[in-house]
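Written below as structure tokens is the structure these notes are about.
The values are calculated or read from the model by the stated rules, or taken from the named source; none is laboratory data. If you're wondering where the values come from, they're calculated on a predicted model, not measured in any experiment. Glycine gets a Cβ as well: all are built from the backbone with ideal geometry, and neighbour counts include every protein chain shown. For the accessible areas, the whole protein counts, side chains as well, though only heavy atoms, and no ligand, DNA or RNA atoms are used. Shrake-Rupley method; radii C 1.70, N 1.55, O 1.52, S 1.80 Å.
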Amino acid sequence: MRLQSSLALFIAVSCTLGACNQDNSYENLLDRELTSGVRHDSLFLGYALGMPRDTFYSHSWSLNRQGLVMQGPQNQTIQYALPYALPYPAKMYFYPDFHADHVYRMRIRFAYDGWAPWTRRLSSDSMKVDVVNLLESWYGTGFFPYGSITRGMTTEVPMVKIDGNRHIKVATITDMEVFVVITDVVAAKNRKLSDG
């Protein structure tokens, strides 16, 4: 009994220290990237972090007139078809968050067109790997596992990339959707300061 208690205590301490080391490494990387002064504002389709609100809407309207994007479900997102970017035809739904009338965060959902509960190859777990590969083709390599998110009865580890001011986080949100958040960390910190 004493051996089991000691073993349990050892495992708990090791896990806690491992989490602390992971947090310290993450914080060190974040600090290093922020102090580098490097800015990466490019997103996709001509969108950018820091884009003024009016420019975002006029650019979206221009892309819509060209037939590249359309209104997403419930008029809450912009929909972009990805017929060839991923292993299977998919849709990308996105919409930004603004601070001081500029884009500081882009929220994106990806879903395969043919998803059904019995098509495991189209599930969000499989798609998460495909989305990280796509994002690496857009933004370069360097994604790493960090943190944890509990969804129902399961816990997953999101994939994260930090380069300069741009922070990218990839996680599953449902059995059929992968969620990506791209944030300008500098603007996010300024927003928190101005929000009190």
*DSSP-defined beta bridges in the chain - what % are antiparallel, rounded to 5*: 100 percent
_Thr174 - accessible surface, heavy atoms, 1.4 Å probe, Å² rounded to 10_ = 50 Å²
*Total formal charge among the other residues, if their Cβ is under 11 angstrom from that of Ala90, Lys/Arg +1 and Asp/Glu -1*: -1
_Reachable lysines from Lys189, criterion Cα separation under 24 angstrom, eight or more residues apart if same chain_ = Lys161, Lys169
*Stretch Leu68-Arg151 to full length: gain in nm at 0.36 nm per residue minus the Cα-Cα span?*
26.6 nm
*May I ask you to work out the translational diffusion coefficient for the chain at 20 °C, viscosity 1.002 mPa s, via Stokes-Einstein with Rh from the Kirkwood sum over Cα pairs, reported in whole µm²/s?*
115 µm²/s
*For segment 94-106, Karplus couplings with θ = phi - 60° (6.51, -1.76, 1.60), whole Hz, Gly/Pro x*: 9, 6, x, 10, 10, 9, 6, 6, 9, 5, 10, 8, 10
*For the residue pair Ile173 and Leu86, what label-to-label distance in nm results when each label sits 7 Å from Cα along the Cα-to-beta-carbon direction?*
1.3 nm
*Most to least packed among 95-105, 115-125, 65-75 [average Cβ atoms within 10 Å]*: 95-105, 115-125, 65-75
*Can you work out the accessible area per residue across segment 70-196, with the rest of the protein chains kept in place, probe 1.4 Å, in square angstrom?*
51 Å²
_Accessible carbon and sulfur surface of the chain relative to its total accessible area, %, 1.4 Å_ = 57 percent
*Mean Cα-pair separation over length for the chain, i.e. relative contact order, pairs under 8 Å, 6 or more apart, %*: 19 percent
